[in-house]
């Protein structure tokens, strides 16, 4: 639907909104915007890209330490491209959504091999692994002053309320409509870096998902949803992921010297690409993988809950002192000394379990 009206996919925004939005936002940013985050005030596309990938579906406070550790270990995209994947996953461990880390590594390698450094347009950036339209727009606007519209969740929420737009943002047509409106609001190229940061700040600190701080918003009087007293109705997003629950058994095979057997997880599914204790869907499956002699010393440890964004994992570790000469029966993998575990990409609950 149009702002407070009928559906019109080609609607030009009202002049008051088109002319007023960016100036109000930029004036607000100078006084109230965030400026203390470690990736802010940078024109380095590597740093902007790294922060944008880490911030996908992850809170700012969680990202800060990871971001700083990554930069200390991989200060340039060339350093990241040259690193073994296990080192990258090791630093990412605990941040979740591990496909981001694998794509981060692939992207760095492609940037170095294909371009030498990050390309300067959103169109080219979108051709790289793991970079979607919004991330590409962020890099292009922050670093190269391209008039490209960021459209992450925070920005969509700001625009949906500004325009009282009741289209379903889980649907592609509505996303395209908001994209067109976002492009109409962009300021001149010279202001793009500040504008992009400002609209992200507004969504993160004022136009909150619940209990938005409308009295502190620079768009008071301009925002249609605020004028109607209906900010809680927007944005409309019908598709919601259902929470699920799963039980898994972890085989903790350990030799007398403290080394443990780990297998690399498939790229698809939980903990994709990480080194992990072998995972089984039942205790019977796990027991079948343990040779008869080793079963005599099996220890079932207390189970525990590990919470993912949309899934509860009930994990049941089973410890097996492995005094056999052969590794026969174990899933494909290898023995790792305890001192090596800290440098590996391990799932957070496995790292905690092993004291790594």
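The values are calculated or read from the model by the stated rules, or taken from the named source; none is laboratory data. Given the structure is predicted, the values throughout are model-derived calculations rather than measurements. Ideal geometry is used to build each Cβ from the backbone, glycine not excepted, and the neighbour counts take in all protein chains shown.
Every residue in the stretch 177-193 that is in contact (Cβ under 8 Å) with a residue 60 or more places away in the chain and surrounded by 18 or more Cβ atoms within 10 Å (Cβ to Cβ), please.
If the condition is that a residue be in contact (Cβ under 8 Å) with a residue 60 or more places away in the chain and surrounded by 18 or more Cβ atoms within 10 Å (Cβ to Cβ), then 177, 181, 185, 186, 191, 193 are the ones that fit.
How do the pairs read when you match residues in the stretch 39-52 that are without any contact (Cβ under 8 Å) to a residue 60 or more places away in the chain with residues anywhere that are part of a loop (DSSP other than H, G, I, E, B), using Cβ under 6 Å and keeping only pairs 6 or more apart or on different chains?
Matching pairs, first to second residue: 47/39; 51/39.
What number of residues within the stretch 260-274 are at pLDDT 95 or above and touching a helix residue (DSSP H, G or I) at 6+ places or on another chain (Cβ under 8 Å)?
Looking only at that region, the number is 1.
So how many residues does the stretch 191-215 have that are farther than 18 Å from residue 18 by Cβ and either in contact with a strand residue (DSSP E or B) (Cβ under 6 Å, 6 or more places away or on another chain) or not in a loop (DSSP other than H, G, I, E, B) (or both)?
The total comes to 10.
At least 3 residues that are crowded, with 18+ Cβ neighbours inside 10 Å, more than 25 Å from the chain's Cα centre (by Cα) and on the phi < 0 side of the Ramachandran plot in each: list the strands (runs of 3 or more DSSP E) lying fully within the stretch 282-354 that qualify.
Once the strands (runs of 3 or more DSSP E) in the stretch 282-354 are filtered for at least 3 residues that are crowded, with 18+ Cβ neighbours inside 10 Å, more than 25 Å from the chain's Cα centre (by Cα) and on the phi < 0 side of the Ramachandran plot, what remains is 311-321.
Residues that are closer than 24 Å to residue 112 by Cβ, touching a strand residue (DSSP E or B) at 6+ places or on another chain (Cβ under 8 Å) and either surrounded by 13 or more Cβ atoms within 10 Å (Cβ to Cβ) or touching a residue at least 60 places away in the same chain (Cβ under 8 Å) (or both): does the stretch 66-86 have at least one?
yes
Quick test of your reading of the structure: residue 158 fulfils all but one of (1) surrounded by fewer than 20 Cβ atoms within 10 Å (Cβ to Cβ); (2) touching a helix residue (DSSP H, G or I) at 6+ places or on another chain (Cβ under 8 Å); (3) touching a residue at least 12 places away in the same chain (Cβ under 8 Å). Name the failing condition by number.
Evaluating residue 158 over (1) surrounded by fewer than 20 Cβ atoms within 10 Å (Cβ to Cβ); (2) touching a helix residue (DSSP H, G or I) at 6+ places or on another chain (Cβ under 8 Å); (3) touching a residue at least 12 places away in the same chain (Cβ under 8 Å) leaves (1) as the failure.
Is there any pair linking a residue in the stretch 276-288 that is within 10 Å of residue 318 (Cβ to Cβ) to one that is at pLDDT 90 or above and not in a strand (DSSP E or B), with Cβ under 6 Å and at least six apart or on different chains, and which?
If the second residue must be at pLDDT 90 or above and not in a strand (DSSP E or B), the pairs left are 277/350; 280/286.
Kindly indicate whether any position in the stretch 260-277 is in contact with a strand residue (DSSP E or B) (Cβ under 8 Å, 6 or more places away or on another chain), surrounded by fewer than 18 Cβ atoms within 10 Å (Cβ to Cβ) and in a strand (DSSP E or B).
Yes: one or more hits.
Select from the stretch 136-146 the residues that are surrounded by fewer than 24 Cβ atoms within 10 Å (Cβ to Cβ) and over 15 Å from residue 186 (Cβ atoms) and list them in ascending order.
Applying the first criterion (surrounded by fewer than 24 Cβ atoms within 10 Å (Cβ to Cβ)) to the stretch 136-146 yields 143-146.
The answer is 143, and nothing else.
Under 25 Å from residue 15 (Cβ atoms), in contact (Cβ under 8 Å) with a residue 60 or more places away in the chain and surrounded by fewer than 20 Cβ atoms within 10 Å (Cβ to Cβ) - does that describe any residue in the stretch 103-125?
No: the stretch 103-125 contains no residue that is under 25 Å from residue 15 (Cβ atoms), in contact (Cβ under 8 Å) with a residue 60 or more places away in the chain and surrounded by fewer than 20 Cβ atoms within 10 Å (Cβ to Cβ).
Before we move on, is residue 166 at pLDDT below 95 and within 17 Å of the chain's Cα centre (by Cα)?
When the stated conditions are applied, residue 166 does not pass them.
In the stretch 153-175, how many residues are under 26 Å from residue 59 (Cα atoms), in a helix (DSSP H, G or I) and out of contact with any strand residue (DSSP E or B) (no Cβ under 8 Å at 6 or more places or on another chain)?
11
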